[in-house]
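Reviewing the structure listed below.
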Amino acid sequence: MRILVAPSSFKESLDSWQVARHIRIGLRRASREFVVTECPLADGGTGTHTVITRTLGGRFVRCQVSGPIDKMVGVTYGYVSQQKTAIIELAEAAGLRLVPKEKRNPMTTITQGVGELIMSAVKKGCKRIIVGIGDSATIDCGVGALSILGFRFLNREGTDIDLHGRGLLALVSIDDSRVNKGLRHIKIIVASDVENVLTGAHGALVYARQKGAKSRQMSMIDRALKNFRKVIQQQYGIDLNKIPGSGAAGGIGGALRVLLNAEVRSGFEIVKKVVSLEDKIRQSDIVITGEGTIDEQTFYGKVPSKVVDIAHRYRKPVVFIAGQIKKKARLFDRHGVVGYYSIMKPFVSRRQAMQNTPQLIETLAVSVGKKLLGLDTVA
């Protein structure tokens, strides 16, 4: 039996590379007859730079940059020397996982570290930079990152605004006269995991609560985003609400598109092509995918949903392995999903599950493997 293991990350727990490895270990414990192919996936969020860099045979560059709450953090980004390409992940420098729950506040978290990563790639002589922007802790429209590259964001007095979400309320103009000249000859590709525009009912604001925003802050965030949109439209003649993905990662997607002429693309489509996902699915007998939580939201464009779509075209059955699975996940039944398996059990708390995810995944994969062989059933 040829099994393709193609999961997304379990957010704030394991990246997709680690998830795939532990599923493979469990399957091989169930039977040495399984031919298991690991194909970790990402969509612009956590694990994107790991997947692309390893697949392309690149190496990882380690450095220290500013974190989302201004504390220095150790990070990595990918570098593929043959292609002079850097693969940067916003989540490394400004990800939600870097901010303790009690300190999460998208009005004050910053993206300066993302700009520092881009500058490191510029100094390496890169000709192309892929920036995965998922899983951010910020809603600052990228002003922190862009300030590192030479942009100035000014208030009515002509002085710099505070470089975070709250500071956007005071923004009246952008000075781009001192932007690093090395950026002129670099192709920047933004790998986004969502298509939200900047403002409105489906704008960046819809992700504010998961980043720690309180109810009393929502109107302030909305005004800040609308003000940034207004300044961009007045100064550059571009309406960010007409650019799909401009609201991704608290607006940094749109800011990079306008100010650095970046190309905004689907992170999943980039990864899918790099890892030859369609070929791997076509050559398999069964596909195992999953993420931290499988629910009705998964159905709308998350990695497991897109894997199911491809598998359905090739008539390949799919099994979900996830941190937890909600009842509405059964929407996938009609698309060829034949099994739903979660590491969460009545006797396992969420905290215990997150602390012991590797072992729980392996144990569950053993049971799934036996199920596939018809030797046992999964509770």
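The values are calculated or read from the model by the stated rules, or taken from the named source; none is laboratory data. Remember, predicted model here, so these are calculated numbers, not experimental data. FYI the Cβ positions are ideal-geometry reconstructions off the backbone, even for glycines, and counts take in every protein chain you see.
Does Gln234 qualify as being closer than 24 Å to Lys101 by Cβ, of a type outside the set (Phe, Trp, Tyr) and exposed (fewer than 15 other Cβ atoms within 10 Å of the Cβ)? The answer is no for Gln234.
Among the residues of the stretch 297-344, those identified as basic (Lys, Arg) and over 20 Å from the mean Cα position of the chain (by Cα) are Arg313, Arg315, Lys316, Lys326, Lys327, Lys328, Arg330, Arg334.
Let's see how each residue does on (1) in a helix (DSSP H, G or I); (2) in contact with a Phe, Trp or Tyr (Cβ under 6 Å, 6 or more places away or on another chain); (3) hydrophobic (A, V, I, L, M, F, W, C):
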residue	(1), (2), (3)
Leu256	yes, no, yes
Ile310	yes, no, yes
Phe320	no, yes, yes
Asp333	yes, no, no
Val338	no, no, yes
Tyr341	no, no, no
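Is the stretch 101-109 home to any residue that is closer than 18 Å to Val65 by Cα, in contact with a strand residue (DSSP E or B) (Cβ under 8 Å, 6 or more places away or on another chain) and not basic (Lys, Arg)? No, the stretch 101-109 contains no residue that is closer than 18 Å to Val65 by Cα, in contact with a strand residue (DSSP E or B) (Cβ under 8 Å, 6 or more places away or on another chain) and not basic (Lys, Arg). Report whether or not Glu92 is outside the structural domain of Gly125 (by TED's automatic domain parsing) and farther than 23 Å from Ile343 by Cα. Against the criterion (outside the structural domain of Gly125 (by TED's automatic domain parsing) and farther than 23 Å from Ile343 by Cα), Glu92 does not qualify. Within the stretch 76-92, the set of residues being over 20 Å from Phe10 (Cβ atoms) and buried (at least 24 other Cβ atoms within 10 Å of the Cβ) comprises Tyr77, Gly78, Ala86, Ile87, Ile88. Taken over the stretch 188-208, the criterion of being loosely packed, with under 14 Cβ neighbours inside 10 Å and among the charged types (D, E, K, R) is satisfied by no residue. When you scan the stretch 78-86, do you find a residue that is touching a residue at least 40 places away in the same chain (Cβ under 8 Å), assigned to a helix (DSSP H, G or I), within 18 Å of Ile189 (Cα to Cα) and out of contact with any Pro (no Cβ under 8 Å at 6 or more places or on another chain), even just one? So far as the stretch 78-86 goes, yes, one or more of its residues are touching a residue at least 40 places away in the same chain (Cβ under 8 Å), assigned to a helix (DSSP H, G or I), within 18 Å of Ile189 (Cα to Cα) and out of contact with any Pro (no Cβ under 8 Å at 6 or more places or on another chain). Can you name every residue in the stretch 271-308 that is more than 19 Å from Leu372 (Cα to Cα) and not in a helix (DSSP H, G or I)? Listed by number, the residues that qualify are Ser276, Glu291, Gly292, Thr293, Ile294, Asp295, Tyr300, Gly301, Lys302. Checking each residue in the stretch 191-216 for being part of a helix (DSSP H, G or I) and farther than 12 Å from Ile139 by Cα picks out Ser215, Arg216. Candidates in the stretch 93-139 are the residues that are of a type in the set (Val, Ile, Thr) and assigned to a strand (DSSP E or B); of these, the one that is surrounded by the fewest Cβ atoms within 10 Å (Cβ to Cβ) is Ile129. Are any of the residues in the stretch 154-174 of a type in the set (Lys, Arg) and over 21 Å from Lys226 (Cβ atoms)? No, that holds for no residue.
Residue selection: Leu360 fails the criterion of being in a helix (DSSP H, G or I), free of Cβ contacts under 8 Å to residues at least 60 places away in the same chain, surrounded by fewer than 20 Cβ atoms within 10 Å (Cβ to Cβ) and of a type in the set (A, V, I, L, M, F, W, C). Scanning the stretch 118-154 for residues that are within 18 Å of Gln235 (Cα to Cα) and without any contact (Cβ under 8 Å) to a residue 40 or more places away in the chain returns Ser147, Gly150, Arg152, Phe153, Leu154. Scanning the stretch 25-49 for residues that are closer than 22 Å to Phe268 by Cα and either buried (at least 22 other Cβ atoms within 10 Å of the Cβ) or charged (D, E, K, R) (or both) returns Glu38, Cys39, Pro40, Leu41, Ala42, Asp43, Gly44, Gly45, Thr46, Gly47, Thr48, His49. Candidates in the stretch 28-64 are the residues that are part of a helix (DSSP H, G or I) and over 19 Å from the mean Cα position of the chain (by Cα); of these, the one that is nearest to Ile88 (Cα to Cα) is Arg28. Regarding Val61, is this residue among the aliphatic types (A, V, I, L, M), in contact with a helix residue (DSSP H, G or I) (Cβ under 6 Å, 6 or more places away or on another chain), assigned by TED's automatic domain parsing to the domain that holds Ile252 and crowded, with 16+ Cβ neighbours inside 10 Å? Answer is no for this residue.
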